[in-house]
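First the structure, in the form of structure tokens, and then the observations on it.
Coordinate-derived values only; no laboratory data. All values reported here derive from a predicted model rather than from experimental measurement. Ideal geometry is used to build each Cβ from the backbone, glycine not excepted, and the neighbour counts take in all protein chains shown.
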Amino acid sequence: MFGWLVWRDLILAWRRRADVLATLFFFIIVVSLFPLGIGPERETLRTIAPGVVWVAALLASMLSLGRIFGNDYQDGTLEQLLLTPQPAYLVVLAKVLAHWIVAELPLVVIAPVLGLQFGLSQNGLAIVVVSLLLGTPVLSVIGSVGAALTLGLRAANVLVALLVLPLYIPVLIFGSGAVQASVTGSSPQAWLLLLGATLIVSLVFAPWATSAALRISVE
Amino acid sequence: MSKHRINWYKYAAPANFYPLAGKMIPVFAIPAAILFVAGLYVGFFVAPTDAVQGESYRILFIHVPAAWMGMFLYVLMAVYAGIGWAFNARLASMMATAIATTGAIFTFISLVTGSLWGRPAWGVWWVWDARLTSTLILLFLYIGFISLQSSIDDWRRADRAGAVLALVGVVNVPIIYFSVQWWNSLHQGATITKSSFKMAPSMAAAMLILLGACWLYSIAVVLVRVRYIIREREQEAPWLAEATA
């Protein structure tokens, strides 16, 4: 059931490749705008790179949150999924995993290329990838709470941003902290460990909140 | 009191709570006004001028209580929202909705007064200090809660959705606080501490009196607001027509 649900969401996403690509290009464009706005000095770019990549990742992953449950909610599939004997927790986890693969994994893959634009060292690029790998699942799973709460509401997209962005702040701090540490030459280990801890805690608790929110919204 | 026990559950029904709240408002509002006047008097005329900061420190008398209230009301709001959600007690959910606005206002006041205080004390309007930043994030959380509730038309769903959000927020507040603190120690740009600031007894007294005033004010205002919420939601109820006739 779990695997089936993930597979189904992946197929659905594959049939709408344009949506996925749009998120990816949004990420690329936002990151590329910063050098244009700030200027091409290499030293400045290197100092802002961690923050820029992470803030852009936050915004890009927020864009696609509506898609986690939106379509299933509209055609009634979500209600059926919640009626199955499987725990709602697993349903949520499967949908979050699918969202992560579709919307976040491409960001992780493309991020090192964008890091090159900012003159990050090889070590820095590696930390960008590792921190994004640890941090983006947290974005997906916390975002799913916001997505579930705003299902079917007016202006749900703006509302999701208001609800979810403040909750993303620890991830932003830990993630960009790790990259920053590697840029300045100190060890990013502490930040990565914090990021990992956030990942574990949010994976345990957030799907529970999401399934509660889903039941409220579907009712 | 000991002869007849009060049946607390009775007041969980809006129909019974509405008149009670009406009676309780002056009980809290009048002492609040008295304490405000007393606290401001002590703060402005009794408390001595600070050796380091001069007169400008006096903004603390409103800044600190407002900041405390902002934090505390968020927790209180989450508790009420959680009770309302878990036990299906609609009055508790209404209380949560009523508290949110007051909490947001106090958080906003503490940010504005902090900024006004920062200008003479630190020379800048805003510092990305851990406390300021986490207060700002707290304000964002309040705004999220209020805007979520106001964009849901069905108030039953609004109550429950707000409860989930408030509880998630409460779990997150300590995480956010510590992350901001670590972030701040990483950057170490504008580390300005409020040390070298010891409190004279009259200063502490003024602050505590004003804290009490803010508390009583919050209770009174929340009761007023919850009465409006009851009236809005129970428009159809016959008891309301009787009560307001």
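Couple of notes before you dig in:
- Distance from region A:14-78 to region A:112-154 (C-alpha centre basis), Å: 9
- Shielding by partners - mean other protein chain Cβ count within 10 Å, residues of B:167-176: 5
- Relative compactness, the protein assembly as shown, computed as alpha-carbon Rg over 2.2 N^0.38 Å: 1.10
- Selected from B:Thr133, B:Val112, B:Met207, residue furthest toward positive end of dipole (region B:59-240; charges at beta carbon): B:Met207
- Normalised alpha carbon radius of gyration of region A:1-93 [divisor 2.2 N^0.38 Å]: 1.49
- The ranking of A:Tyr89, B:Tyr9 from fewest to most other beta carbons within 10 Å of each one's beta carbon is B:Tyr9, A:Tyr89.
- Estimated FRET transfer efficiency when R0 is 30 angstrom, pair B:Ile34-B:Ala241 (beta carbons, to 0.05): 0.25
- C-alpha center-to-center spacing [region B:11-30, region A:166-219] in angstrom: 43
- When A:Thr23, B:Thr113, A:Thr136 are sorted by how many other C-beta atoms sit within 10 angstrom of their C-beta, beginning with the fewest, the order is B:Thr113, A:Thr23, A:Thr136.
- Modelled label positions at A:Val109 and A:Val201, each set 7 Å beyond Cα in the direction of Cβ, lie 3.2 nm from each other.
- Counting Cβ atoms of other protein chains within 10 Å of each Cβ in B:144-155 and taking the mean gives 4.
- Two-decimal Rg/Rh across chain A, once Rg and the Kirkwood Rh are taken from alpha-carbon atoms: 0.99
- Positive dipole terminus of the protein assembly as shown, leading residue within B:Leu148, B:Met95, B:Gln181 (C-beta point charges): B:Met95
- Check: chain B dipole with +1 on Lys, Arg Cβ and -1 on Asp, Glu Cβ, in debye: 460
- Residue order, fewest to most surrounding Cβ atoms within 10 angstrom, among A:Ile68, B:Ile137, A:Ile38: A:Ile38, B:Ile137, A:Ile68
- Across the alpha-carbon set of chain B, the Rg to Rh ratio works out to 1.03, Rh being the Kirkwood radius.
- Under 13 Å from the B:Arg119 label point (7 Å along Cα→beta-carbon), backbone N, region B:198-235: none
- Counting only alpha carbon atoms, the long axis of helix B:155-187 and the longest principal axis of chain B meet at about 10°.
- Computed [θ] at 222 nm, helices only, for the protein assembly as shown once each DSSP H run of length n ≥ 4 contributes -39500 (n - 2.57): -27500 deg cm²/dmol
- Peptide-level mean, for A:140-148, of C-beta atoms on other protein chains within 10 Å: 1
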